[in-house]
Amino acid sequence: MRFSLRSKTALIALGILLLGIISLGADFIRQPYLGFGDKPGGMVVSWKTDVPVKAVVYYDLADNFSSTGEFGLSLEVPAEAADEDNIYHVELGGLEPNTAYSYEVILDGGVESPVGTFWTSSADLDHFVFTVYGDTRTYPERHRMVVEAMAAEGPRFVVHTGDLVENGGVEDQWDSHFFWATAPLIKDAPYLTVPGNHENNAPEYYQAFALPRGGGDYGEEWWSMDYGVVHLVGLDTNALTLPNGFGRMIKQINWLKRDLAAARKRGAKFIFVFFHHPLFSSSAGYYPGNEGLRAVWHPIFVRYGVTAVFSGHCHSYERLTEDGVTYIVTGGGGAPLGGFRSEPVPGSVRRLAVLHYIRVTIEGNRARLEMIPVARVAGEEILPMEHRPWDSLEIEGPS
């Protein structure tokens, strides 16, 4: 079929008109949220829309925005920058160290996001707070309770120990469960995550987050980064269950040894490791922990002087100590709570099955780890608790 010049012009005009109509109707499915990405000192702003649409990220020093109500910097984002699910990841570079920035995203058509505020890091930063929690997969309302309690802390960042959703391959669970529940916090505090068994190593998990580079699938199955004087490491306990599982696990172990050795050589004051399945556990459903991984990973943690290890999977809180390494199980983010064996594993110090999170406070040469309860669960009844530390441990760093 042939078209005249007039017909072609009309078709082009119609296409432009339709794009304009789509842009005018575009909206956020996921409001903007934060991640660290793979470049030191940067910050990644992510969002998801219902259709591909142009956008502008406006940002500035938080002090400037607070005093003027306007942003002095902007970054235009073309519609085609999205992936196939209309998820955008935009890196803000050239940021000043240890500085607060405010930002917002405005879609073509005028839809505006809430204003978020985040802090950058610096190499010598040694006074800050971050939070850790996990197993949020089942009840988004309970998850949101935990998030709102964490948001009151104003953490620099958040680490999630896996099982973010019930089924990582179902896109709607990310949209209407996870990102709805985290909305009060994730626009201000970047999330670091590790895969749980419920993520199923699904592409949707890797599409959602801007994680530091490491290795494995998408280069983000395991990862590490420095934040001030702290070195953070995320691992995948599911590696053996995935294709080429043995080879995948060997790669992860070799990478881990190199990474920890390099962190010690750089003089990291504290090293925190995060993964899903605990090596030690008094949980009734996962006693006595993952003995296979324990035999391999625990000696590595001891050798390189890992400060503390955080995991989830067991829907409760437990603190243990083995060979000088502190192990924290934090699975109280919203999934159904579980109980404990009558006889705890050796080294277990404290245990409690409540909704909770961990507050980690870095103060110079000291790290304080506190379990903050949020609510008890009795059947279908949620009983809020006072957000005061139920358990606390202070760890001295190297002098």
- [ ] Report the residue count in segment 265-275 for those that are under 11 Å from Val306 (Cα atoms) and basic (Lys, Arg).
- [x] 1
Task: Residues that are farther than 16 Å from Tyr133 by Cβ and surrounded by 24 or more Cβ atoms within 10 Å (Cβ to Cβ), drawn from segment 170-186 - done: Trp174
Task: Residues of segment 317-342 that turn out to be without any contact (Cβ under 8 Å) to a residue 60 or more places away in the chain and at negative phi, as a count - done: 13
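This table checks each residue for (1) under 12 Å from Lys54 (Cα atoms); (2) assigned by TED's automatic domain parsing to the domain that holds Ser74; (3) acidic (Asp, Glu).
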{"residue": "Asn86", "(1), (2), (3)": "yes, yes, no"}
{"residue": "Glu91", "(1), (2), (3)": "no, yes, yes"}
{"residue": "Leu95", "(1), (2), (3)": "no, yes, no"}
{"residue": "Tyr101", "(1), (2), (3)": "no, yes, no"}
{"residue": "Glu104", "(1), (2), (3)": "no, yes, yes"}
{"residue": "Leu107", "(1), (2), (3)": "yes, yes, no"}
{"residue": "Val111", "(1), (2), (3)": "yes, yes, no"}
{"residue": "Val115", "(1), (2), (3)": "no, yes, no"}
TODO: Taking only segment 308-334 into account, find how many residues are out of contact with any helix residue (DSSP H, G or I) (no Cβ under 8 Å at 6 or more places or on another chain), of a type outside the set (D, E, K, R) and surrounded by fewer than 23 Cβ atoms within 10 Å (Cβ to Cβ).
DONE: 2
TODO: Just give me the residues in segment 65-77 being surrounded by fewer than 16 Cβ atoms within 10 Å (Cβ to Cβ) and touching a residue at least 24 places away in the same chain (Cβ under 8 Å), in sequence order.
DONE: Ser66
Task: Per-region count, segment 251-264, residues within 13 Å of Val306 (Cα to Cα) and either surrounded by 18 or more Cβ atoms within 10 Å (Cβ to Cβ) or of a type in the set (Lys, Arg) (or both) - done: 6
TODO: Considering each residue of segment 351-369, count those that are under 16 Å from Ala151 (Cα atoms) and crowded, with 19+ Cβ neighbours inside 10 Å, and give that number.
DONE: 6
TODO: Determine whether segment 284-291 contains at least one residue that is farther than 30 Å from Asn98 by Cα, among the charged types (D, E, K, R) and part of a helix (DSSP H, G or I).
DONE: yes
- [ ] Report, by residue number, each residue of segment 144-198 that is hydroxyl-bearing (Ser, Thr, Tyr) and touching a helix residue (DSSP H, G or I) at 6+ places or on another chain (Cβ under 9 Å).
- [x] Ser176, Thr182, Tyr191, Thr193
Open item on the list: Condition first: of a type outside the set (A, V, I, L, M, F, W, C) and surrounded by fewer than 24 Cβ atoms within 10 Å (Cβ to Cβ). Now tell me which residues in segment 143-164 satisfy that.
Closed with: Arg144, Glu148, Glu153, Gly154, Pro155, Arg156
Open item on the list: Please verify whether Leu232 is under 25 Å from Arg359 (Cβ atoms) and either surrounded by 22 or more Cβ atoms within 10 Å (Cβ to Cβ) or touching a helix residue (DSSP H, G or I) at 6+ places or on another chain (Cβ under 8 Å) (or both), treating the condition exactly as stated.
Closed with: yes
TODO: Exactly one condition in (1) touching a Lys or Arg at 6+ places or on another chain (Cβ under 7 Å); (2) modelled with pLDDT under 95 is not met by Tyr287; state its number.
DONE: (2)
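Which members of segment 369-381 meet the condition of being in a strand (DSSP E or B) and of a type in the set (Gly, Ala, Ser)? Don't jump to the end; show me each part of the working.
From segment 369-381, those in a strand (DSSP E or B) are 369-378, 381; that's our starting set.
Correct list: Ala375, Ala378.
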- [ ] Return the residue satisfying two criteria in turn: it lies in segment 230-259 and is β-branched (Val, Ile, Thr) and assigned to a helix (DSSP H, G or I), and of such residues it is farthest from Thr161 (Cα to Cα).
- [x] Ile250
- [ ] Provide a single number: the residues in segment 322-347 that are more than 29 Å from Arg144 (Cα to Cα) and of a type in the set (Ser, Thr, Tyr).
- [x] 1
Task: Inter-residue pairs, beta-carbon under 6 Å, first over 12 Å from Thr161 (Cβ atoms) and in segment 183-210, second surrounded by fewer than 20 Cβ atoms within 10 Å (Cβ to Cβ) and aromatic (Phe, Trp, Tyr), 6+ apart - done: Tyr206/Tyr218
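The values are calculated or read from the model by the stated rules, or taken from the named source; none is laboratory data. Model, not experiment: these values are computed from the prediction. Every residue, glycine as well, gets a Cβ built from its backbone with ideal geometry; the counts of neighbours run over all protein chains shown.
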